[in-house]
1. How would the stretch 126-166 be classified by its alpha-carbon gyration tensor: rounded, prolate or oblate, with rounded meaning a/c under 1.5 and the a/b versus b/c comparison settling the rest?
2. Can you tell me how the stretch 1-59 classifies by the Cα gyration tensor, rounded, prolate or oblate, using a/c under 1.5 as the rounded cut?
3. With springs only between Cα atoms under 10 Å, which of Pro11, Pro129, Pro85 fluctuates most in a Gaussian network model of the chain?
4. Per residue, how big is the convex hull of the stretch 100-155 when only Cα atoms are used? Give it in Å³.
5. Against the globular-protein guess of 2.2 N^0.38 Å, express the Cα radius of gyration of the chain as a ratio, rounded to two decimals.
6. Report the residue, chosen from Val108, Val127, Val68, that carries the largest GNM mean-square fluctuation when the chain is represented by alpha-carbon nodes joined by springs under 10 Å.
7. Using alpha-carbon positions, what is the distance between the centroids of the stretch 1-74 and the stretch 89-166, in Å?
8. Considering the chain as a Gaussian network with a 10 Å cut-off on Cα pairs, which listed residue, Ser78, Ser139, Ser34, attains the greatest mean-square fluctuation?
Amino acid sequence: MKDWTWVLDEPCAECGLEAGRLEVEDIAPLVRDSLPRWRARLAADDARVRPAPSVWSPLEYAAHTRDVFRVFDVRLASMLESDDPQFANWDQDATALEDDYAHQDPDVVARELEAAGRAIAGRWDVVTPDQHERPGRRSNGSVFTVRTLGQYFAHDLVHHLHDVGA
């Protein structure tokens, strides 16, 4: 699994986002602004089409993004409610296979992505400045603060919109 934590320190050459420059207050609007773009991309005739055999379709990226919203909502909640929590491991590739992203219904994914996006945006809305540096860690030892978790999360969102041309 590729480690994307480098995006906290340098711009992403693929999607152009400078995640390390984002503030916590930028995250919820970024999520909300993405929702109509995802909805439109999932409504397109080619939503199920992979551009290459080893590249996910827009549907698969959207299902992944829905799950990213859900996983990061739990992670953010744990950081706000607990001292230095360790996040449960999440194997996103295994989830994609087990949940058969490629064969999910684009309309259902659009609704679920919207609901998950609104939920995590709402959680980001209530983060207070005194919570920005609260820590949490992944099972591989990567340490995040609420701020850097938001930056990392935002990059994932923006990058996948770029991946699907939305």
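1. Since a/c reaches 1.5 but b/c is at least a/b, the shape of the stretch 126-166 is classed as oblate.
2. Working: a/c = 3.14, a/b = 1.39, b/c = 2.27.
Oblate, because a/c is 1.5 or more while a/b does not exceed b/c.
3. So, out of Pro11, Pro129, Pro85, the one fluctuating most is Pro129.
4. Measuring per residue, one finds 104 Å³ for the Cα hull of the stretch 100-155.
5. 1.00
6. Sorting by GNM fluctuation, first place goes to Val108.
7. 8
8. Ser139
The values are calculated or read from the model by the stated rules, or taken from the named source; none is laboratory data. Keep in mind the model is a prediction, meaning the values are calculated, not measured. Neighbour counts are summed over all protein chains in view; Cβ atoms, including those assigned to glycine, are modelled from backbone coordinates with ideal geometry. SASA here: full protein model, heavy atoms, side chains in, ligands and nucleic acids out. Shrake-Rupley method; radii C 1.70, N 1.55, O 1.52, S 1.80 Å.
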